[in-house]
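First comes the structure, then the notes that go with it.
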Amino acid sequence: MMRLSKRVRRFGAMGLVLGCGVVLVAQNPATMFPAVRGTKFMLGAGNNLEVAAGVQILEKGGNAVDAGVASVLAASVTELDHFGLGGEMPILIKMKDKPVVVISGVGTAPALATPEFFRNRKPEPWEEKATMPPIPANGILAATVPGVFDGLMLALEKYGTMSFAQVVAPALDYTKGFPTPEILSSYIGTSKQYLELWPVSMKFFQPNGHVPAPGEIFAEPSLTRTMQQLVAAEKKARGNRVAKLEAVRNYFYRGPIARQISDFNEKNGGLIRYDDMAKFHAEIDTPRTTTYRGYEVQKPGFWTQGPVMLEALNILEGYDLKAMGHNSPKYLHTVLEAVKLAFADRDRYYGDPKFSKIPEETLLSKEYGKQRMGEIDPAKASMDSRPGAFGGPLPMAQTTRVTEGVADTTCVNAADAQGNVFSATPSGAWLPSVIAGDTGIPMGTRLQCLLVNTPTHANSLVGGKRPRVTLSPTMVLKDGKPIFAMSTPGGDNQDQAMLQVLLNLIDFGMTPQEAVEAPRFQSEHFYATFANHEFIAGKVNIEDRIPKATMDEMTKLGHKVTVSRPWSNGSAPVVIQISGGAFHGAADPRRGRYVYGR
């Protein structure tokens, strides 16, 4: 009798079912998930419905940007555990023979959000006064202006080819009912204490009076109406495609939706007002870049944590990482110490460049990378936050209290045969979320990323400022041509996870699927982006697929090692490689990513 491998028994098999019931399986024995390849296009996202939405658009003649926008809109419907239409998103876009551009779809702090307001606020019902963060981790007070929708409209206007009605069609269809994923069911269940405070949210997430079971059809009638109204605004508008997209944008930010969001906030103790909505505009920015072993790495700017990867690569380029051996003690120690230094600079210097002078030329220079390389002790783990000394001490108090967990983020990547590439990290408005009245739009909680008690910091709270976000898509070029596009959920872990994946690809020559599945570490040696911004010196979580002897050696070097489950790393990247006229896709099995190519 033929026996199936443990991998096949656990995760299912893709193959031929014979009449006798025997399954013959063809798969790469080096990876848990099989390789995905294509020549026409490639699309990866957070679940199968999002991927299907993008594929529909590509098969109807849309380009990678059209498909990416459609997938993000589908995510705002089907992945409410991690993302909603009231959230935010940076996008990297590479059009054929054009330079990479960045779109900042990150919302701003309301004008009423002041340090004085939050210093004097009362505890929320779920908070204890002694440990509550300056800005709540959940609830309506943590909301910024929704930024993602304008980011999508800007991407579609400048780089897409289709109408809003076309790209929203799959998402609109999903609002009328889709099978509830296990993770959405779980998050709704665990959000009970928050949802009970907001009847409109309880009705939205438990429309039949109970937590929807996995597989149960989940519909969002209020979001259906909102999307239909936006489609109607486009249809009613006169002019060309751009003028019609502007009408959609205005309906959201200066029309009925903006007024509904403003009225709901004003009546329920929130801070967003109509003027905040009307003043907001997504923007096109220039990516921040570095080179690494001949590759050009592109990231969003210092209003994200994206430059952390660039700083770490500049430090690590001076080492022969391949000679150290993949995930050897020496390799892990070196990469981890470089990550610590890069995150220390993030914590000290990064913020919205519109409000502060960021020393970015220094931070991203090769000379600075060499200097920081000299600060790594090969025999001892550092225990301090060590930003570059040119800017003064870190103006934040240290604490070891663990922050309340956040639901974080999702990811969308798309590439087409014409040479266009889209990479985005949609986030925010995750469960538990407050639904803004009858709009069906969940409010975000990204305001908590801003600092209340450090007025001189680049990331201090000011009305109209973008919070420095963890969201960090990545694009890698070779001789000006796109080679890799990748993004991931994972909060503070995003850039350290993608850094390890990129090193797997470049230094160790792994396939994309091998690169995302390889065991990883996850440092907590930084000031957390969310809630109380705690600093946990030296802590690193290492998946237990790495040998115990390696863990022991890391402990001897002084790292505070926590051995975690085999597939427990908090990020799950999607990677698209473009090589030899083909697309090669990878989906991390850690958190249900999907990738499809044709």
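Values in this text are rule-based calculations from the coordinates and carry no lab data. Here the structure is a predicted model, which means the values were calculated and not measured. With ideal geometry, Cβ positions are generated from the backbone for all residues, glycine too; neighbour counts draw on all protein chains shown.
Brief remarks follow.
- The order of the peptides 174-182, 442-450 by mean Cβ neighbours within 10 Å, most packed first, is 442-450, 174-182.
- For region 456-470, 3J(HN,Hα) per residue [Karplus equation, 6.51 cos²θ - 1.76 cosθ + 1.60, θ = phi - 60°, Hz, x = Gly/Pro]: 8, 6, 4, 10, 6, 6, 9, x, x, 8, 7, x, 6, 9, 7
- Mean shadow area of region 39-91 over all directions, Cα convex hull, nm²: 3.7 nm²
- For ILE536, the residues 5 or more places off, or on other chains, whose built amide H falls under 5 Å of its own are PHE526.
- Of the peptides 550-556, 248-254, the order by per-residue mean of other Cβ atoms within 10 Å, starting with the highest, comes out as 248-254, 550-556.
- Selected from GLY558, ILE93, GLN298, residue furthest toward positive end of dipole (the chain; charges at beta carbon): ILE93
- Listed peptides 236-246, 339-349, 255-265 by packing density, highest first (mean Cβ within 10 Å): 339-349, 255-265, 236-246
- Just so you know, the Rg over Rh for the chain is 0.95, from Cα atoms, with Rh as the Kirkwood radius.
- Less than 5 angstrom separates the built amide H of ASP285 from those of VAL102, ILE103, SER104, all sequence-distant by 5 or more or on a different chain.
- Given LYS96/LYS299; LYS98/LYS158; LYS370/LYS560; LYS98/LYS481, the pairs whose alpha carbons are separated by over 21 Å: LYS370/LYS560
- Sum of side-chain charges, GLY437 neighbourhood, beta-carbon under 9 Å (Lys, Arg +1; Asp, Glu -1): -1
- 222 nm mean residue ellipticity, helices alone, for the chain (DSSP H n ≥ 4; -39,500 (n - 2.57); rounded to 500): -10000 deg cm²/dmol
- At 0.692 mPa s and 37 °C, Stokes D of region 397-528 from Kirkwood alpha-carbon radius, µm² per second: 188 µm²/s
- Antiparallel bridges, percent of DSSP beta bridges restricted to the chain (to nearest 5): 90 percent
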